[in-house]
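Encoded as structure tokens, the structure appears first; notes follow it.
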Amino acid sequence: MTTSAAPNAAPALPSTAGALKPDRSETTFRFLAEPTSVNFGGKVHGGALMKWIDETAYACAAVWSGRYCVTVSVGNIRFRRPIMVGYLVELRARVVATGRTSMHLHISVHAGDPKSGELQQTTDCLMVFVAVDEQGKPVPVPSFVPVTDEQKRLAKYVMDVKDALDAIVELKPEEVAAGTV
């Protein structure tokens, strides 16, 4: 796991003298796609990719909040191109907006032949996590304030998607919302 730097801050981690203080709003995982993740078509299984996305996003949310976190939603996932066994896979999760107890994350996945060093985007999605206490009750999280133009665009995108999803929920039939279907 690699964590990269940006201008936001969250609860302090214990520091080691002379160590770089990482940005806590972003987490990157890098690894090679292994044969155990292959589907019947010879490519990385979508379920394996979704597991990697969830793990990367959880790490980002937990580091940002300093708490155990639970997944609230996964949305807008797009599988653009396959990931082949042996490819270098890079997953990048970023906190792009926060509520009182929630964290909205954008996760992008890039992959490619490690010998060429060129990675292409294969997938991206949005996830929402909530930080919880030992009893599983939601607890406040540090605010994320977008600073760069890219952070501001992602924050607007996430809020636009949230508004659209909220509108879709209103369309849900009662029996679906109640879980009786």
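For the chain, what is the calculated [θ] at 222 nm in deg cm²/dmol (nearest 500), taking -39500 (n - 2.57) for each run of four or more DSSP H residues and dividing by its residue count?
On the way: 3 runs with 48 residues, N = 181.
After summing the helix terms and dividing by the residues of the chain, the value is -9000 deg cm²/dmol.
Given a Förster distance of 30 angstrom, what is the FRET efficiency for LYS172 paired with GLU118, based on the Cβ-Cβ distance and rounded to 0.05?
0.10
Set the bar at 26 Å for Cα to Cα. Now go through LYS115/LYS152; LYS43/LYS156; LYS51/LYS162 and name every pair that lies beyond it. If you can, show how the numbers build up before the last one.
Working: LYS115/LYS152 34 Å; LYS43/LYS156 34 Å; LYS51/LYS162 22 Å.
Pairs exceeding the cut-off: LYS115/LYS152; LYS43/LYS156.
Rounding to the nearest 20 debye, state how big the charge dipole of the chain is about its Cα centre with +1 on each Lys and Arg Cβ and -1 on each Asp and Glu Cβ.
On the way: 19 positive and 19 negative charges, 70 e Å.
Here the chain has a charge dipole of around 340 debye.
For VAL181, what charge total do you get from the other residues with a beta carbon under 12 Å from its beta carbon, if Lys and Arg give +1 and Asp and Glu give -1?
On the way: positive: LYS172; negative: GLU174, GLU175.
After counting each charged neighbour, the total is -1.
Of all the Cα-Cα pairs you can form in the chain, what percent are over 31 Å apart?
22
May I ask for the distance between the Cα centers of segment 137-178 and segment 74-111, given as a whole number of Å?
Answer, in whole Å: 16.
Report the label-to-label distance for ASP149 and SER73 in nanometres (one decimal), using points 7 Å from each Cα along the Cα→Cβ vector.
For the pair ASP149/SER73, the computed spacing is 2.9 nm.
All of the numbers you see were taken from the coordinates with simple rules; none came from a lab. Everything numeric in this text was worked out from a predicted model, so none of it was measured. Counting neighbours? That spans all protein chains shown, and the Cβs are built from the backbone with ideal geometry, glycine included.
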